[in-house]
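Report on the following structure.
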Amino acid sequence: MDDTDLNLNLPKQRASVINSEFVRRTIAFFIDLLIIQFVIISPFRELLRRLIPAGSFSKAYSMLSASQSPPAVYAISFFIAVMIFLYFTFTEYITGQSIGKKIMGLYVVSETERLSLSQVILRNLAIFPFFPFIVLWIIDPGFMMFTKTQRRLSDIISKTKVIRLE
Amino acid sequence: MKKTQSQIKQKYGWGFFIVLLITFGFLSMIFAGIVSLFVDDGISYPSGNIAMIPIKGMIMSDPASGFISSAAASSTEIIKMIEKADKDAAIKGIIFEIDSPGGMVVPTDEIALAIKRSNKTSAAWIRSAGASGAYWIAASTDRIFAHRMSATGSIGVIGSYLQFSGLLDKYNVTYERLVSGKYKDMGSPYKDMTSEEREIFQNLIDKMRHFFIEEIAESRNMDYDDVEKLATGQIYLGYEAKELGLIDEIGGKEEVKEYLKKELNLSEIEIAQYKKEKSLIAMLGSVFNDNSFQIGRGIGSSIASKGAEPDYPMIWW
(Lines give C-alpha, C1' and ligand atoms only; values in the text may rest on other atoms or scores of the structure.)
Protein backbone atom coordinates (compact mmCIF):
# COMPACT_ATOMS: atom_id res chain seq x y z
CA MET A 1 0.00 0.00 0.00
CA ASP A 2 1.48 3.36 -0.92
CA ASP A 3 0.46 6.87 -0.32
CA THR A 4 -1.40 7.49 -3.59
CA ASP A 5 -4.92 8.79 -3.49
CA LEU A 6 -7.72 6.31 -3.42
CA ASN A 7 -9.16 5.45 -6.85
CA LEU A 8 -12.11 3.21 -6.37
CA ASN A 9 -13.96 4.08 -9.57
CA LEU A 10 -17.25 4.36 -7.79
CA PRO A 11 -20.44 5.87 -9.23
CA LYS A 12 -20.41 9.65 -8.76
CA GLN A 13 -23.69 9.76 -6.87
CA ARG A 14 -22.28 7.67 -4.03
CA ALA A 15 -21.73 10.10 -1.21
CA SER A 16 -19.37 8.23 1.08
CA VAL A 17 -17.04 5.34 1.18
CA ILE A 18 -16.14 3.48 4.26
CA ASN A 19 -13.22 1.35 3.35
CA SER A 20 -10.70 -0.66 5.25
CA GLU A 21 -8.50 2.37 5.88
CA PHE A 22 -11.34 4.21 7.58
CA VAL A 23 -12.11 1.10 9.62
CA ARG A 24 -8.45 0.68 10.56
CA ARG A 25 -8.13 4.30 11.66
CA THR A 26 -11.34 4.03 13.66
CA ILE A 27 -10.21 0.84 15.38
CA ALA A 28 -6.82 2.42 16.07
CA PHE A 29 -8.56 5.41 17.61
CA PHE A 30 -10.71 3.26 19.88
CA ILE A 31 -7.68 1.30 21.00
CA ASP A 32 -6.05 4.59 21.92
CA LEU A 33 -9.20 5.67 23.76
CA LEU A 34 -9.18 2.46 25.81
CA ILE A 35 -5.56 3.01 26.75
CA ILE A 36 -6.23 6.65 27.62
CA GLN A 37 -9.23 5.64 29.73
CA PHE A 38 -7.16 3.15 31.68
CA VAL A 39 -3.96 5.15 32.10
CA ILE A 40 -4.96 8.81 32.17
CA ILE A 41 -8.64 8.98 33.20
CA SER A 42 -9.05 6.16 35.72
CA PRO A 43 -6.91 7.84 38.46
CA PHE A 44 -9.56 10.58 38.54
CA ARG A 45 -12.62 8.33 38.58
CA GLU A 46 -13.08 8.18 42.35
CA LEU A 47 -12.31 11.86 42.80
CA LEU A 48 -14.84 12.85 40.14
CA ARG A 49 -17.42 10.60 41.70
CA ARG A 50 -16.98 12.50 44.95
CA LEU A 51 -17.06 15.90 43.33
CA ILE A 52 -20.11 15.32 41.19
CA PRO A 53 -23.33 13.86 42.64
CA ALA A 54 -24.18 12.23 39.31
CA GLY A 55 -20.93 10.33 39.59
CA SER A 56 -19.50 9.52 36.17
CA PHE A 57 -17.12 11.16 33.70
CA SER A 58 -19.71 11.41 30.94
CA LYS A 59 -22.16 13.08 33.30
CA ALA A 60 -19.32 15.32 34.45
CA TYR A 61 -18.92 16.52 30.87
CA SER A 62 -22.61 17.37 30.72
CA MET A 63 -22.30 19.39 33.90
CA LEU A 64 -19.19 21.11 32.54
CA SER A 65 -21.16 22.28 29.54
CA ALA A 66 -23.77 23.77 31.85
CA SER A 67 -21.04 25.44 33.99
CA GLN A 68 -22.38 23.83 37.14
CA SER A 69 -19.33 21.90 38.25
CA PRO A 70 -16.94 22.81 41.03
CA PRO A 71 -13.71 24.46 39.77
CA ALA A 72 -11.75 21.28 40.49
CA VAL A 73 -13.77 19.44 37.82
CA TYR A 74 -12.73 22.01 35.22
CA ALA A 75 -9.11 21.66 36.32
CA ILE A 76 -9.28 17.88 36.07
CA SER A 77 -10.99 17.99 32.67
CA PHE A 78 -8.41 20.42 31.33
CA PHE A 79 -5.57 18.29 32.68
CA ILE A 80 -7.02 15.15 31.05
CA ALA A 81 -7.43 16.98 27.73
CA VAL A 82 -3.83 18.18 27.88
CA MET A 83 -2.57 14.69 28.71
CA ILE A 84 -4.52 13.16 25.82
CA PHE A 85 -3.18 15.84 23.50
CA LEU A 86 0.38 15.15 24.71
CA TYR A 87 -0.11 11.41 24.27
CA PHE A 88 -1.03 11.71 20.59
CA THR A 89 1.43 14.53 19.87
CA PHE A 90 4.36 12.89 21.62
CA THR A 91 3.89 9.43 20.16
CA GLU A 92 3.14 10.62 16.62
CA TYR A 93 6.03 13.10 16.54
CA ILE A 94 8.66 10.74 17.94
CA THR A 95 7.56 7.44 16.45
CA GLY A 96 5.01 8.40 13.80
CA GLN A 97 2.45 6.21 15.56
CA SER A 98 0.23 6.16 18.60
CA ILE A 99 -0.23 2.76 20.27
CA GLY A 100 -3.51 2.18 18.41
CA LYS A 101 -1.88 3.04 15.11
CA LYS A 102 1.07 0.78 15.90
CA ILE A 103 -1.28 -2.12 16.53
CA MET A 104 -3.14 -1.41 13.28
CA GLY A 105 0.05 -0.85 11.27
CA LEU A 106 -0.65 2.82 10.55
CA TYR A 107 1.78 5.73 10.37
CA VAL A 108 1.42 9.49 10.35
CA VAL A 109 3.47 11.07 7.57
CA SER A 110 3.84 14.56 6.18
CA GLU A 111 3.07 15.78 2.69
CA THR A 112 6.27 17.80 2.89
CA GLU A 113 9.74 16.41 3.50
CA ARG A 114 9.65 15.71 7.21
CA LEU A 115 6.93 15.48 9.83
CA SER A 116 7.36 18.55 12.01
CA LEU A 117 6.22 19.17 15.56
CA SER A 118 3.94 21.99 14.44
CA GLN A 119 2.20 19.66 12.00
CA VAL A 120 1.61 17.07 14.71
CA ILE A 121 0.33 19.74 17.11
CA LEU A 122 -2.02 21.09 14.48
CA ARG A 123 -3.49 17.69 13.58
CA ASN A 124 -4.17 16.92 17.24
CA LEU A 125 -5.77 20.20 18.35
CA ALA A 126 -9.16 18.60 17.71
CA ILE A 127 -8.70 16.74 20.99
CA PHE A 128 -9.50 19.78 23.11
CA PRO A 129 -13.16 19.72 24.19
CA PHE A 130 -13.88 23.42 23.84
CA PHE A 131 -14.69 25.86 21.07
CA PRO A 132 -13.44 26.14 18.38
CA PHE A 133 -11.69 22.76 18.42
CA ILE A 134 -14.76 20.87 19.50
CA VAL A 135 -16.33 21.67 16.16
CA LEU A 136 -13.78 19.32 14.62
CA TRP A 137 -15.33 16.42 16.57
CA ILE A 138 -18.08 16.47 13.93
CA ILE A 139 -16.21 17.83 10.93
CA ASP A 140 -13.18 15.51 11.08
CA PRO A 141 -15.10 12.21 10.94
CA GLY A 142 -17.40 13.77 8.34
CA PHE A 143 -14.46 14.57 6.12
CA MET A 144 -13.14 11.03 6.53
CA MET A 145 -16.44 9.47 5.60
CA PHE A 146 -17.63 11.78 2.84
CA THR A 147 -14.51 12.87 0.95
CA LYS A 148 -12.60 11.00 -1.66
CA THR A 149 -9.29 11.33 0.15
CA GLN A 150 -10.53 9.78 3.40
CA ARG A 151 -8.62 12.35 5.43
CA ARG A 152 -9.75 14.35 8.42
CA LEU A 153 -9.94 18.10 8.00
CA SER A 154 -7.19 18.28 10.64
CA ASP A 155 -5.05 16.04 8.42
CA ILE A 156 -5.59 18.37 5.46
CA ILE A 157 -4.88 21.54 7.45
CA SER A 158 -1.71 20.07 8.96
CA LYS A 159 -0.63 18.56 5.61
CA THR A 160 -0.33 15.08 7.11
CA LYS A 161 -1.65 11.69 6.13
CA VAL A 162 -2.18 8.38 7.84
CA ILE A 163 -0.85 5.52 5.76
CA ARG A 164 -0.48 1.82 6.16
CA LEU A 165 2.72 0.06 5.38
CA GLU A 166 2.57 -3.57 4.35
CA MET B 1 6.55 6.29 -1.94
CA LYS B 2 10.26 6.88 -1.45
CA LYS B 3 9.55 10.30 0.08
CA THR B 4 6.99 8.80 2.38
CA GLN B 5 9.10 5.88 3.41
CA SER B 6 11.93 8.21 4.29
CA GLN B 7 9.65 9.76 6.84
CA ILE B 8 9.03 6.48 8.58
CA LYS B 9 11.30 6.91 11.47
CA GLN B 10 13.21 4.20 13.15
CA LYS B 11 10.66 1.73 14.42
CA TYR B 12 10.25 1.98 18.14
CA GLY B 13 9.72 -1.09 20.24
CA TRP B 14 6.99 -1.56 22.82
CA GLY B 15 9.39 -0.55 25.57
CA PHE B 16 9.13 3.10 24.55
CA PHE B 17 5.34 3.02 24.72
CA ILE B 18 5.30 1.18 28.04
CA VAL B 19 7.61 3.75 29.60
CA LEU B 20 5.43 6.50 28.15
CA LEU B 21 2.25 5.00 29.56
CA ILE B 22 3.83 4.53 32.98
CA THR B 23 4.94 8.17 32.93
CA PHE B 24 1.50 9.42 31.92
CA GLY B 25 -0.21 7.22 34.48
CA PHE B 26 2.13 8.45 37.18
CA LEU B 27 1.55 12.10 36.25
CA SER B 28 -2.22 11.56 36.31
CA MET B 29 -2.02 9.98 39.77
CA ILE B 30 0.15 12.82 41.05
CA PHE B 31 -2.28 15.43 39.76
CA ALA B 32 -5.28 13.55 41.13
CA GLY B 33 -3.53 13.42 44.50
CA ILE B 34 -2.77 17.15 44.45
CA VAL B 35 -6.36 18.05 43.53
CA SER B 36 -7.77 15.79 46.22
CA LEU B 37 -5.63 17.56 48.85
CA PHE B 38 -7.48 20.76 48.08
CA VAL B 39 -10.99 19.63 47.41
CA ASP B 40 -11.56 16.15 48.65
CA ASP B 41 -13.12 15.98 52.10
CA GLY B 42 -12.06 12.34 52.35
CA ILE B 43 -15.63 11.13 52.45
CA SER B 44 -16.88 8.58 49.98
CA TYR B 45 -20.28 9.26 48.35
CA PRO B 46 -21.20 6.31 46.18
CA SER B 47 -24.29 6.38 44.01
CA GLY B 48 -27.64 5.01 45.09
CA ASN B 49 -31.11 6.20 46.04
CA ILE B 50 -30.85 5.82 49.83
CA ALA B 51 -27.85 7.27 51.66
CA MET B 52 -26.63 5.32 54.67
CA ILE B 53 -24.74 7.54 57.10
CA PRO B 54 -22.86 5.85 59.95
CA ILE B 55 -22.89 7.26 63.46
CA LYS B 56 -20.51 5.02 65.33
CA GLY B 57 -18.54 5.62 68.47
CA MET B 58 -18.45 8.64 70.76
CA ILE B 59 -20.01 11.71 69.18
CA MET B 60 -17.54 14.57 68.96
CA SER B 61 -16.92 17.65 66.85
CA ASP B 62 -13.85 16.55 64.91
CA PRO B 63 -11.89 13.34 64.59
CA ALA B 64 -9.01 12.89 67.03
CA SER B 65 -5.76 14.19 65.62
CA GLY B 66 -2.46 12.47 66.05
CA PHE B 67 -1.16 9.03 65.26
CA ILE B 68 -3.81 6.95 66.99
CA SER B 69 -7.04 6.64 65.04
CA SER B 70 -10.28 7.19 66.90
CA ALA B 71 -13.58 5.48 66.25
CA ALA B 72 -15.38 8.70 67.21
CA ALA B 73 -18.33 9.93 65.21
CA SER B 74 -17.41 13.37 63.96
CA SER B 75 -20.29 15.81 63.81
CA THR B 76 -18.39 17.85 61.19
CA GLU B 77 -18.19 14.89 58.85
CA ILE B 78 -21.71 13.63 59.57
CA ILE B 79 -23.20 17.04 58.82
CA LYS B 80 -21.25 17.14 55.54
CA MET B 81 -22.73 13.77 54.64
CA ILE B 82 -26.25 14.93 55.52
CA GLU B 83 -25.86 18.09 53.44
CA LYS B 84 -24.43 16.12 50.54
CA ALA B 85 -27.33 13.67 50.65
CA ASP B 86 -29.74 16.59 50.85
CA LYS B 87 -28.34 18.22 47.71
CA ASP B 88 -28.16 14.97 45.73
CA ALA B 89 -31.35 14.63 43.70
CA ALA B 90 -30.69 10.92 43.25
CA ILE B 91 -30.88 10.36 47.00
CA LYS B 92 -34.50 9.99 48.12
CA GLY B 93 -33.98 9.11 51.77
CA ILE B 94 -31.37 8.67 54.49
CA ILE B 95 -30.71 5.83 56.92
CA PHE B 96 -28.64 6.65 59.99
CA GLU B 97 -26.81 3.53 61.07
CA ILE B 98 -26.33 4.18 64.79
CA ASP B 99 -24.00 2.31 67.09
CA SER B 100 -22.99 4.87 69.68
CA PRO B 101 -23.21 5.30 73.45
CA GLY B 102 -23.62 9.05 73.05
CA GLY B 103 -21.16 11.86 73.18
CA MET B 104 -20.64 15.54 73.61
CA VAL B 105 -23.49 17.96 73.93
CA VAL B 106 -22.96 20.45 71.14
CA PRO B 107 -21.90 17.99 68.39
CA THR B 108 -24.99 15.90 69.19
CA ASP B 109 -27.26 18.91 68.86
CA GLU B 110 -25.50 19.96 65.65
CA ILE B 111 -26.25 16.61 64.04
CA ALA B 112 -29.85 16.58 65.28
CA LEU B 113 -30.43 20.06 63.85
CA ALA B 114 -28.87 19.06 60.53
CA ILE B 115 -31.26 16.11 60.32
CA LYS B 116 -34.23 18.37 61.03
CA ARG B 117 -33.08 20.84 58.35
CA SER B 118 -32.80 18.08 55.79
CA ASN B 119 -35.66 17.72 53.32
CA LYS B 120 -35.16 14.00 52.91
CA THR B 121 -37.12 11.29 54.72
CA SER B 122 -34.88 9.67 57.29
CA ALA B 123 -34.84 6.63 59.51
CA ALA B 124 -32.62 5.60 62.37
CA TRP B 125 -31.35 2.07 62.54
CA ILE B 126 -30.04 1.44 66.06
CA ARG B 127 -27.73 -1.48 66.30
CA SER B 128 -25.98 -2.46 69.57
CA ALA B 129 -26.26 0.98 71.14
CA GLY B 130 -28.18 4.13 70.47
CA ALA B 131 -28.13 5.72 73.88
CA SER B 132 -28.00 9.20 75.28
CA GLY B 133 -26.87 11.65 72.59
CA ALA B 134 -27.14 8.90 69.96
CA TYR B 135 -30.77 8.42 70.97
CA TRP B 136 -31.34 12.18 70.67
CA ILE B 137 -30.04 11.99 67.11
CA ALA B 138 -32.22 8.95 66.37
CA ALA B 139 -35.26 10.80 67.72
CA SER B 140 -34.68 13.57 65.18
CA THR B 141 -35.34 11.17 62.31
CA ASP B 142 -38.77 10.26 60.99
CA ARG B 143 -38.75 6.70 62.29
CA ILE B 144 -36.62 4.73 64.72
CA PHE B 145 -35.82 1.07 64.32
CA ALA B 146 -33.88 -0.89 66.93
CA HIS B 147 -33.03 -4.47 67.68
CA ARG B 148 -35.00 -5.94 70.59
CA MET B 149 -31.81 -5.91 72.69
CA SER B 150 -30.34 -2.61 71.52
CA ALA B 151 -29.23 -0.38 74.38
CA THR B 152 -31.17 2.81 73.96
CA GLY B 153 -32.68 5.60 76.03
CA SER B 154 -30.26 6.84 78.71
CA ILE B 155 -31.89 10.26 78.54
CA GLY B 156 -29.73 12.42 80.76
CA VAL B 157 -26.48 14.34 81.13
CA ILE B 158 -23.21 13.37 82.75
CA GLY B 159 -20.32 15.62 83.74
CA SER B 160 -18.43 13.39 86.16
CA TYR B 161 -14.68 13.58 86.27
CA LEU B 162 -11.73 12.24 88.23
CA GLN B 163 -10.48 14.49 90.99
CA PHE B 164 -6.88 14.09 92.13
CA SER B 165 -6.51 16.50 95.01
CA GLY B 166 -6.22 13.64 97.54
CA LEU B 167 -3.51 11.99 95.50
CA LEU B 168 -1.62 15.25 95.19
CA ASP B 169 -1.86 15.79 98.97
CA LYS B 170 -0.50 12.29 99.58
CA TYR B 171 2.60 13.10 97.61
CA ASN B 172 2.90 16.61 98.95
CA VAL B 173 2.14 18.17 95.58
CA THR B 174 0.41 21.49 95.86
CA TYR B 175 -1.95 23.21 93.50
CA GLU B 176 -1.05 26.87 93.16
CA ARG B 177 -4.28 28.64 92.40
CA LEU B 178 -3.91 31.76 90.23
CA VAL B 179 -7.19 32.84 88.73
CA SER B 180 -8.88 36.05 87.68
CA GLY B 181 -12.36 35.07 88.78
CA LYS B 182 -13.43 32.75 91.60
CA TYR B 183 -15.10 30.28 89.25
CA LYS B 184 -12.38 30.31 86.61
CA ASP B 185 -10.92 26.99 87.71
CA MET B 186 -14.15 25.35 88.70
CA GLY B 187 -14.08 21.69 87.81
CA SER B 188 -10.31 21.52 88.08
CA PRO B 189 -9.23 17.97 88.94
CA TYR B 190 -6.52 19.34 91.21
CA LYS B 191 -8.80 20.71 93.89
CA ASP B 192 -11.99 19.90 95.76
CA MET B 193 -15.16 21.23 94.23
CA THR B 194 -16.83 23.83 96.45
CA SER B 195 -20.54 23.65 97.16
CA GLU B 196 -21.08 26.79 95.08
CA GLU B 197 -19.27 25.29 92.13
CA ARG B 198 -21.22 22.07 92.50
CA GLU B 199 -24.45 24.05 92.45
CA ILE B 200 -23.41 25.90 89.30
CA PHE B 201 -22.45 22.71 87.52
CA GLN B 202 -25.59 20.94 88.63
CA ASN B 203 -27.59 23.87 87.34
CA LEU B 204 -25.88 23.59 83.95
CA ILE B 205 -26.52 19.90 83.80
CA ASP B 206 -30.16 20.35 84.77
CA LYS B 207 -30.62 22.91 81.98
CA MET B 208 -29.10 20.59 79.46
CA ARG B 209 -31.34 17.80 80.71
CA HIS B 210 -34.30 20.07 80.20
CA PHE B 211 -33.24 20.70 76.56
CA PHE B 212 -32.79 16.98 76.06
CA ILE B 213 -36.28 16.15 77.40
CA GLU B 214 -37.83 18.97 75.42
CA GLU B 215 -36.25 17.73 72.18
CA ILE B 216 -37.33 14.14 72.75
CA ALA B 217 -40.86 15.20 73.68
CA GLU B 218 -41.14 17.28 70.50
CA SER B 219 -39.51 14.69 68.22
CA ARG B 220 -41.47 11.76 69.61
CA ASN B 221 -44.70 13.68 70.01
CA MET B 222 -44.87 12.84 73.70
CA ASP B 223 -45.74 14.90 76.75
CA TYR B 224 -42.83 16.60 78.45
CA ASP B 225 -43.81 15.06 81.79
CA ASP B 226 -43.93 11.54 80.33
CA VAL B 227 -40.47 11.91 78.89
CA GLU B 228 -39.18 13.43 82.12
CA LYS B 229 -40.30 10.33 84.02
CA LEU B 230 -38.21 8.24 81.66
CA ALA B 231 -35.23 10.63 81.79
CA THR B 232 -33.49 8.99 84.73
CA GLY B 233 -30.48 8.11 82.60
CA GLN B 234 -31.65 4.52 82.51
CA ILE B 235 -30.80 2.40 79.53
CA TYR B 236 -33.76 0.63 77.96
CA LEU B 237 -33.53 -2.41 75.77
CA GLY B 238 -35.09 -2.11 72.37
CA TYR B 239 -38.29 -3.97 73.20
CA GLU B 240 -38.73 -1.86 76.38
CA ALA B 241 -38.14 1.32 74.42
CA LYS B 242 -40.87 0.34 71.97
CA GLU B 243 -43.34 -0.24 74.78
CA LEU B 244 -42.45 3.14 76.23
CA GLY B 245 -42.86 4.90 72.89
CA LEU B 246 -39.20 5.84 72.61
CA ILE B 247 -38.74 3.93 69.35
CA ASP B 248 -41.14 2.97 66.56
CA GLU B 249 -40.30 -0.56 65.49
CA ILE B 250 -38.21 -3.55 66.33
CA GLY B 251 -36.18 -4.42 63.28
CA GLY B 252 -32.93 -4.22 61.41
CA LYS B 253 -31.64 -3.10 58.06
CA GLU B 254 -34.20 -4.97 55.98
CA GLU B 255 -37.09 -3.53 57.96
CA VAL B 256 -35.70 -0.02 57.58
CA LYS B 257 -35.30 -0.52 53.83
CA GLU B 258 -38.85 -1.85 53.57
CA TYR B 259 -40.17 1.18 55.45
CA LEU B 260 -38.40 3.62 53.16
CA LYS B 261 -39.43 1.67 50.08
CA LYS B 262 -43.10 2.06 51.02
CA GLU B 263 -42.76 5.59 52.36
CA LEU B 264 -40.95 6.87 49.30
CA ASN B 265 -42.76 4.66 46.82
CA LEU B 266 -39.58 3.18 45.41
CA SER B 267 -39.45 0.00 43.34
CA GLU B 268 -36.10 -0.92 44.80
CA ILE B 269 -33.62 0.36 47.32
CA GLU B 270 -30.02 0.95 46.34
CA ILE B 271 -27.95 1.82 49.38
CA ALA B 272 -25.23 4.45 48.99
CA GLN B 273 -22.95 3.79 51.96
CA TYR B 274 -21.36 7.11 52.88
CA LYS B 275 -18.16 6.69 54.82
CA LYS B 276 -14.98 8.39 55.79
CA GLU B 277 -12.04 7.11 53.80
CA LYS B 278 -9.20 6.34 56.17
CA SER B 279 -5.76 7.70 55.42
CA LEU B 280 -2.81 5.34 55.56
CA ILE B 281 -1.81 6.68 58.99
CA ALA B 282 -5.34 6.16 60.32
CA MET B 283 -5.42 2.62 58.99
CA LEU B 284 -2.11 1.86 60.66
CA GLY B 285 -3.32 3.45 63.88
CA SER B 286 -6.56 1.50 63.97
CA VAL B 287 -4.71 -1.70 64.87
CA PHE B 288 -4.47 -0.31 68.39
CA ASN B 289 -7.30 -0.87 70.82
CA ASP B 290 -9.58 2.19 70.55
CA ASN B 291 -11.20 1.57 73.91
CA SER B 292 -7.84 1.75 75.65
CA PHE B 293 -7.05 4.90 73.76
CA GLN B 294 -10.31 6.56 74.75
CA ILE B 295 -9.85 5.76 78.42
CA GLY B 296 -6.31 7.03 78.33
CA ARG B 297 -7.42 10.06 76.42
CA GLY B 298 -10.11 10.78 78.98
CA ILE B 299 -7.68 10.54 81.87
CA GLY B 300 -5.04 12.44 79.98
CA SER B 301 -7.38 15.28 79.11
CA SER B 302 -8.37 15.59 82.79
CA ILE B 303 -4.78 15.85 83.91
CA ALA B 304 -3.14 17.80 81.13
CA SER B 305 -3.37 21.55 81.03
CA LYS B 306 -5.18 22.85 77.99
CA GLY B 307 -3.70 26.34 78.03
CA ALA B 308 -6.33 28.98 77.44
CA GLU B 309 -9.25 26.59 77.61
CA PRO B 310 -11.33 26.71 80.80
CA ASP B 311 -10.68 23.70 82.96
CA TYR B 312 -14.26 22.47 83.39
CA PRO B 313 -15.48 18.89 83.24
CA MET B 314 -16.43 17.47 79.86
CA ILE B 315 -20.20 17.22 79.78
CA TRP B 316 -21.67 14.34 77.84
CA TRP B 317 -24.92 12.71 77.08
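What to note about this one:
- Among the residues making up segment A:108-166, a single one is of a type in the set (Asp, Glu), farther than 19 Å from A:Thr91 by Cα and at pLDDT 85 or above: A:Asp140.
- Restricting segment B:165-208 to residues that are open to solvent by less than 100 Å² (accessible area, probe 1.4 Å) and aromatic (Phe, Trp, Tyr), the residue that is nearest to B:Glu228 (Cα to Cα) is B:Phe201.
- Taken over segment A:73-101, the criterion of being surrounded by 19 or more Cβ atoms within 10 Å (Cβ to Cβ), at the interface with chain B (Cβ under 10 Å from one of its Cβ atoms) and more than 18 Å from A:Leu115 (Cβ to Cβ) is satisfied by A:Val73, A:Ile76, A:Ile80, A:Met83, A:Ile84.
- Residue count, segment B:153-164 (criterion: in a loop (DSSP other than H, G, I, E, B) and surrounded by 15 or more Cβ atoms within 10 Å (Cβ to Cβ)): 8
So that you can scan it fast, the table gives a plain yes or no per residue for (1) under 24 Å from A:Asp155 (Cβ atoms); (2) at pLDDT 75 or above; (3) facing another protein chain (nearest Cβ under 8 Å); (4) open to solvent by less than 60 Å² (accessible area, probe 1.4 Å):
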position	(1), (2), (3), (4)
A:Asp2	yes, no, yes, no
A:Lys12	yes, no, no, no
A:Arg25	yes, yes, no, yes
A:Leu33	yes, yes, no, no
A:Arg50	no, no, yes, yes
A:Ala60	no, no, no, yes
A:Ala66	no, no, no, yes
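For every residue, the table says whether it meets (1) closer than 18 Å to B:Ala134 by Cβ; (2) in contact (Cβ under 8 Å) with a residue 60 or more places away in the chain; (3) within 13 Å of another protein chain (Cβ to nearest Cβ); (4) among the acidic types (Asp, Glu).
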position: B:Pro54; (1), (2), (3), (4): yes, yes, no, no
position: B:Met81; (1), (2), (3), (4): yes, yes, yes, no
position: B:Asp88; (1), (2), (3), (4): no, no, yes, yes
position: B:Phe96; (1), (2), (3), (4): yes, no, no, no
position: B:Ser100; (1), (2), (3), (4): yes, no, no, no
position: B:Ile115; (1), (2), (3), (4): yes, no, no, no
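- Condition check for B:Ser36: among the small types (Gly, Ala, Ser), within 12 Å of chain A (Cβ to nearest Cβ) and touching a Phe, Trp or Tyr at 6+ places or on another chain (Cβ under 8 Å): no
- For B:Ala124, the conditions (1) within 22 Å of B:Ile213 (Cβ to Cβ); (2) out of contact with any strand residue (DSSP E or B) (no Cβ under 9 Å at 6 or more places or on another chain) are fulfilled apart from (2).
- Given (1) under 21 Å from B:Gly245 (Cα atoms); (2) in contact with a Phe, Trp or Tyr (Cβ under 9 Å, 6 or more places away or on another chain); (3) among the polar types (S, T, N, Q), index of the condition B:Ser128 fails: (2)
- Verdict on B:Glu243 being in contact with an Asp or Glu (Cβ under 7 Å, 6 or more places away or on another chain), at pLDDT 95 or above and of a type in the set (Asp, Glu): no
- Residue that is most open to solvent (accessible area, probe 1.4 Å), among those in segment A:102-122 that are in contact (Cβ under 8 Å) with a residue 60 or more places away in the chain and aliphatic (A, V, I, L, M): A:Ile103
- Count - residues of segment B:102-120 that are touching a helix residue (DSSP H, G or I) at 6+ places or on another chain (Cβ under 7 Å) and open to solvent by 30 Å² or more (accessible area, probe 1.4 Å): 3
- Meets criteria (within 25 Å of B:Ile205 (Cα to Cα), part of a strand (DSSP E or B) and more than 11 Å from the chain's Cα centre (by Cα)) for B:Ala129: yes
- Scanning segment B:25-57 for residues that are surrounded by fewer than 17 Cβ atoms within 10 Å (Cβ to Cβ) and on the phi > 0 side of the Ramachandran plot gives a single hit, B:Gly42.
- Against the numbered list (1) open to solvent by 30 Å² or more (accessible area, probe 1.4 Å); (2) within 23 Å of B:Ser132 (Cα to Cα), B:Ser150 comes up short only at (1).
The values are calculated or read from the model by the stated rules, or taken from the named source; none is laboratory data. Remember, it's a predicted structure, so these values are computed and weren't measured experimentally. Note that we place each Cβ from the backbone using ideal geometry, even for glycine, and neighbour counts take in every protein chain shown. Keep in mind that these areas ignore ligands, DNA and RNA; they rest on the heavy atoms of the full protein, side chains included. Shrake-Rupley method; radii C 1.70, N 1.55, O 1.52, S 1.80 Å.
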